[in-house]
Every structure is written in structure tokens, then in C-alpha cells.
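Structure first, then comments.
Read the figures in this text as sums done on the coordinates, not as results from a lab. Computed from a predicted model, the values in this text were never measured in an experiment. Methodologically, a virtual Cβ is constructed for each residue, glycine included, from the backbone with ideal geometry; neighbour enumeration extends over all protein chains shown.
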Amino acid sequence: MTPFGIRKKLKSLLGGGAPPAPDAPPRPSWDVKVTAPDGSEYTVKGKEDETLVAVTGRGAYPIMTGCAEGDCGTCRVEVITGMGSLSVETDREQRVKEANKVDPALRLGCQVRINGPGVHLRVFDPFADAEA
Ligand code: FES
């Protein structure tokens, strides 16, 4: 056991769990377009069931996180297209957004998992864009 459950938090943040069996088929993956706070765009691969935090972490502007457990509301992200290719919003996500005064139209990147194509996200800089 690691202090403060850091290993569990890192696995959660990275969208991981137990590694796949050696003969398991590869997880499907899709291109995810990301618009950065400076307006630039990049595309990364998102594997099935990964969190948006994990997916954007492969690019130049990862979603900023605070807790990675769905408690703080720091990881807000705008879904421009592809909402149907993401996990549905849970009661917990709604409660955390309300408690942290997050725009209801935004999602929490550490709680949302990808499960299909056509996703385009806008990532915010929480230090420069206090209104996000
Ligand atoms: S990082 Fe805290 S709610 Fe996502």
C-alpha cells in the first residue's frame, strides 16, 4: 500500500486498471481533436474507456486537474462535438459541478470516459480563464 493511495489515484487519472491479458484484442481507439487555451489545435488518440484527462495528456495542453477523483471541479472541459461518444453525466458529476460553480454545459474531464468517435474538446487554463 502506498501512502495516501497515490498509486490508485494515478491509475484513475491515467484511465488504467489491470493490464489487458496478453491475448486480449486491442481496445478500439479514435482520434480526439483538442482546442488549446491559445486557440491552437491538436489531435490525439483516445482508447475506449479512457478518461478525457488521460486522452488530452498525450498532447501539448492536458486538462488541468486538482484531485482526479471527481471532487474539486478543476478539470472542466467543453465538449464541442461528440457528446454521444462520451459516458453519460453521473449524479456525482452534477453535484460536484454545482458545488464548485462549474458551468452546467461543461464536463469534468476526470469523470468522463470516451466510447466512440467524433469528439472535439476545448481545454481551459484555470489560471488565465477564471470564467471557464
Ligand atoms: S480533477 Fe478534481 S474533479 Fe476532476
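Taking ALA60 as the residue in question, decide whether it is out of contact with any Asp or Glu (no Cβ under 8 Å at 6 or more places or on another chain), of a type in the set (A, V, I, L, M, F, W, C) and not in a loop (DSSP other than H, G, I, E, B).
On the way: out of contact with any Asp or Glu (no Cβ under 8 Å at 6 or more places or on another chain): yes; of a type in the set (A, V, I, L, M, F, W, C): yes; not in a loop (DSSP other than H, G, I, E, B): no.
When the stated conditions are applied, ALA60 does not pass them.
Could you figure out which of (1) part of a strand (DSSP E or B); (2) touching a Pro at 6+ places or on another chain (Cβ under 9 Å); (3) of a type outside the set (Gly, Ala, Ser) isn't true of GLU78?
Exception for GLU78: condition (2).
Restricting attention to the stretch 81-132, which residues are buried (at least 18 other Cβ atoms within 10 Å of the Cβ), of a type in the set (Val, Ile, Thr) and in a loop (DSSP other than H, G, I, E, B)?
VAL102, VAL112
Give me a count of the residues in the stretch 31-62 that are more than 16 Å from the ligand (Cβ to nearest atom) and of a type in the set (Phe, Trp, Tyr).
So the answer is 1.
Restricting attention to the stretch 82-121, which residues are among the β-branched types (Val, Ile, Thr) and within 10 Å of the ligand (Cβ to nearest atom)?
VAL96, VAL102, VAL112
Output the number of the condition that PHE124 fails; it satisfies all remaining conditions of (1) touching a helix residue (DSSP H, G or I) at 6+ places or on another chain (Cβ under 9 Å); (2) touching a residue at least 24 places away in the same chain (Cβ under 8 Å).
(1)
How many residues does the stretch 65-84 hold that are small (Gly, Ala, Ser) and in contact with a helix residue (DSSP H, G or I) (Cβ under 9 Å, 6 or more places away or on another chain)?
The qualifying residues number 3.
For the stretch 22-56, enumerate the residues that are aliphatic (A, V, I, L, M), surrounded by 11 or more Cβ atoms within 10 Å (Cβ to Cβ) and over 13 Å from the mean Cα position of the chain (by Cα).
Hit for the stretch 22-56 is ALA36, nothing else.
I'm checking my understanding of the structure. Among residues of the stretch 81-104 that are aliphatic (A, V, I, L, M) and under 14 Å from the mean Cα position of the chain (by Cα), which one is farthest from THR56 (Cα to Cα)? If you could, list the steps in order and put the result at the bottom.
Of the residues in the stretch 81-104, the ones aliphatic (A, V, I, L, M) are 83, 86, 88, 96, 99, 102.
Remaining after also requiring under 14 Å from the mean Cα position of the chain (by Cα): 83, 86, 88.
Numbers: MET83: 16, LEU86: 14, VAL88: 19 Å.
The selected residue is VAL88.
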